[in-house]
Amino acid sequence: MPDIRIKKKWQRGKQSLLHSFNQLIFPLQSFVLSILVIRLLSVDLWGKFITVYIIVNLLTHIIQWGNKEYLLREFSCNSTNMAKSWWTALSTRMSLIIFLIPLIVFLDFSGSTKFL
């Protein structure tokens, strides 16, 4: 009996760590990316890149609005079709991304800024 409780606690702890890591990835990525671009390339490139970075993050934020809440509600109401609900939400979001990629590509930025 104690082994089962320890396993459950371990699973919960592991899920908490993974969730915490997932929440920290984006801020850490932004920090590391800024340091790498400034130190390895140039401050001017970072100044040009940050505009693109802000636009992409804003569009990503808009695309993600309500996605988590919707999926949680959908999963709790219809747990047998979780995969179908997830793929439906993903395909809807991907169609929005497909329309937004040309916007970013055709903005007037240099090649190295677009690459970053």
request  = List every residue pair whose Cβ atoms sit under 9 Å apart, with the two residues 6 or more apart in sequence or on different chains, where the first one lies in the stretch 59-71 and is farther than 17 Å from His19 by Cα and the second, anywhere, is among the charged types (D, E, K, R) and at pLDDT 75 or above.
outcome  = Ile63/Arg93; Gln64/Arg93
ask   = Which of the residues spanning the stretch 66-87 are in contact with a helix residue (DSSP H, G or I) (Cβ under 9 Å, 6 or more places away or on another chain), among the polar types (S, T, N, Q), assigned to a helix (DSSP H, G or I) and at pLDDT 75 or above?
value = Asn81, Ser85
query = Does Phe21 meet the test of being in a helix (DSSP H, G or I) and farther than 29 Å from Phe106 by Cβ?
reply = yes
ask   = In the stretch 56-87, what residues are surrounded by 13 or more Cβ atoms within 10 Å (Cβ to Cβ) and among the polar types (S, T, N, Q)?
value = Thr60, Asn67, Asn81, Ser85
message = Here is a check on your reading of the model: is Lys48 at pLDDT 80 or above, open to solvent by 50 Å² or more (accessible area, probe 1.4 Å) and not small (Gly, Ala, Ser)?
response = no
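Going by the structure shown, is Ile25 modelled with pLDDT of 80 or more and under 17 Å from the mean Cα position of the chain (by Cα)? Let's see the steps before the verdict.
Working: modelled with pLDDT of 80 or more: yes; under 17 Å from the mean Cα position of the chain (by Cα): yes.
The answer is yes for Ile25.
The values are calculated or read from the model by the stated rules, or taken from the named source; none is laboratory data. The structure displayed is predicted, hence computed values, not measured ones. All Cβ positions, even for glycine, are placed from backbone atoms using ideal geometry, and neighbour counts span all protein chains on display. When the accessible area is computed, the model is the full protein with side chains, heavy atoms only, and any ligands, DNA or RNA have been set aside. Shrake-Rupley method; radii C 1.70, N 1.55, O 1.52, S 1.80 Å.
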